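Scroll down for the structure; my scribbles are underneath it.
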């Protein structure tokens, strides 16, 4: 189950038993991850892959740190280069 802005809020099994529940802070910081499958599920904030070990959310083109609301320095540097090439 997800909310209106694409964040996974709950996981259910095939017999409709809730297996995980999530709550998020601004910019995707995880406030609550409860129940059996909360840590096993890697698709959470904005339905994107979450790497618990690094604390980053992967958005298909860059990593995002929900604690600092910042992207990967390498990607940001590449975006600056692309901007100045135009």
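State which residue is modelled with the lowest pLDDT when the search covers only segment 38-69 and only residues that are on the phi > 0 side of the Ramachandran plot and within 11 Å of the chain's Cα centre (by Cα).
Per the stated criteria, the residue is 55.
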message: Of everything in segment 10-29, what is surrounded by 11 or more Cβ atoms within 10 Å (Cβ to Cβ) and within 11 Å of residue 45 (Cα to Cα)? Give them in sequence order.
response: 22, 23, 24, 25, 27, 28, 29
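The values are calculated or read from the model by the stated rules, or taken from the named source; none is laboratory data. Just so we're clear, the structure is a prediction, and the values are computed from it rather than from any experiment. Virtual Cβ from ideal backbone geometry, glycine too; neighbours counted across all protein chains shown.
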